[in-house]
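Student: Could you have a look at this structure, given as structure tokens, before my questions?
The values are calculated or read from the model by the stated rules, or taken from the named source; none is laboratory data. Bear in mind that the values here come from a model prediction, so they are computed numbers and not experimental data. Cβ sites come from the backbone with ideal geometry, for glycine too, and all protein chains shown count toward neighbours.
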Amino acid sequence: MKKWQIIVVVLIVIAVILGGSYAGIRNNMVRKKEQVNSAWSQVDVVIQRRADLIPNLVATVKGYAAHEEAVFGAVTRAREDLLAARTPADRIRANGQLDAALGRLLAVVENYPQLKANENFLELQNELEGTENRIAVERRRYNQAVQDYNTYIGLFPNNLVASLSGFTRDNDYFKASPGAQQPPKVEFPGAPAMKN
């Protein structure tokens, strides 16, 4: 075999190895991106379920607390924003707004003992709590899938394949709501105010 033939064979072998590595890495990126999409789909499903429960919850609370229109309006607007959001980043932002509005709605409920004893309200509240738990689980799974994908495409030589193939970092993580790090203020009617 001549020297140039050996060089050609070696180059072909190297090209096959590099091509196979490129294809394998790219296929893993596609799998990981699809895992992110699947995890997002699960988050979207449980967020939609919560959005579907909210009109019934608001209607039930309205029957007892009709003068709390500002709270009802905030919940309704937050729900509409959530349903109108199209991208994961927009849905995550709108979901945070809905969390805050629901928190205000549930705070209103505390002022109405007869409402807290209402069977329909209790059933809706239980469904909402179960849905909130599912949302928390799916958010965690989604964040893990995004982290796994981002880590994979950031590693060498995967980052080279990612840049050649158009895979980019996904920064749409769920984060704690603003103010979640602050402890809640608990006030008891008729009790003197506590000083820090």
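Student: Of all the residues that make up segment 84-93, how many are surrounded by fewer than 14 Cβ atoms within 10 Å (Cβ to Cβ) and either of a type outside the set (S, T, Y) or assigned to a helix (DSSP H, G or I) (or both)? Give the derivation first.
Tutor: Looking only at segment 84-93, we keep the residues that are surrounded by fewer than 14 Cβ atoms within 10 Å (Cβ to Cβ), and these are 84, 86-87, 89.
Filter once more, so that each one left must be either of a type outside the set (S, T, Y) or assigned to a helix (DSSP H, G or I) (or both): 84, 86, 89.
Residues that pass the stated criteria total 3.
Student: Residue under question is L115, and the condition is that it be at pLDDT below 80, part of a helix (DSSP H, G or I) and surrounded by 13 or more Cβ atoms within 10 Å (Cβ to Cβ); does it hold?
Tutor: Details: at pLDDT below 80: yes; part of a helix (DSSP H, G or I): yes; surrounded by 13 or more Cβ atoms within 10 Å (Cβ to Cβ): yes.
Spelling it out, L115 is indeed at pLDDT below 80, part of a helix (DSSP H, G or I) and surrounded by 13 or more Cβ atoms within 10 Å (Cβ to Cβ).
Student: Does segment 169-185 contain at least one residue that is at pLDDT 90 or above and not in a loop (DSSP other than H, G, I, E, B)?
Tutor: Within segment 169-185, not a single residue is at pLDDT 90 or above and not in a loop (DSSP other than H, G, I, E, B).
Student: Does segment 43-56 include one or more residues that are small (G, A, S) and free of Cβ contacts under 8 Å to residues at least 40 places away in the same chain? Spell out how you get there, then give the answer.
Tutor: Pass one, segment 43-56, residues small (G, A, S): 51.
Next, only the ones that are free of Cβ contacts under 8 Å to residues at least 40 places away in the same chain stay: none.
No, segment 43-56 contains no residue that is small (G, A, S) and free of Cβ contacts under 8 Å to residues at least 40 places away in the same chain.
Student: So the check is Cβ under 6 Å with 6+ separation or different chains; which pairs have a first residue in segment 103-125 that's within 13 Å of G63 (Cβ to Cβ) and a second one that's hydrophobic (A, V, I, L, M, F, W, C) and not in a helix (DSSP H, G or I)?
Tutor: So the pair list comes out as V108/A65; Y112/A65.
Student: Tell me whether segment 73-80 contains one or more residues that are at pLDDT below 90, assigned to a helix (DSSP H, G or I) and loosely packed, with under 13 Cβ neighbours inside 10 Å.
Tutor: Looking for residues that are at pLDDT below 90, assigned to a helix (DSSP H, G or I) and loosely packed, with under 13 Cβ neighbours inside 10 Å, one finds at least one in segment 73-80, hence yes.
Student: Right, next: Which of the residues spanning segment 118-127 are part of a helix (DSSP H, G or I) and surrounded by 13 or more Cβ atoms within 10 Å (Cβ to Cβ)?
Tutor: Listed by number, the residues that qualify are N120, F121, L122, L124, Q125, E127.
Student: Another question, then. As an exercise: evaluate T131 against (1) in a helix (DSSP H, G or I); (2) hydroxyl-bearing (S, T, Y); (3) at pLDDT 90 or above and give the number of the one condition it does not meet.
Tutor: It is condition (3) that T131 fails.
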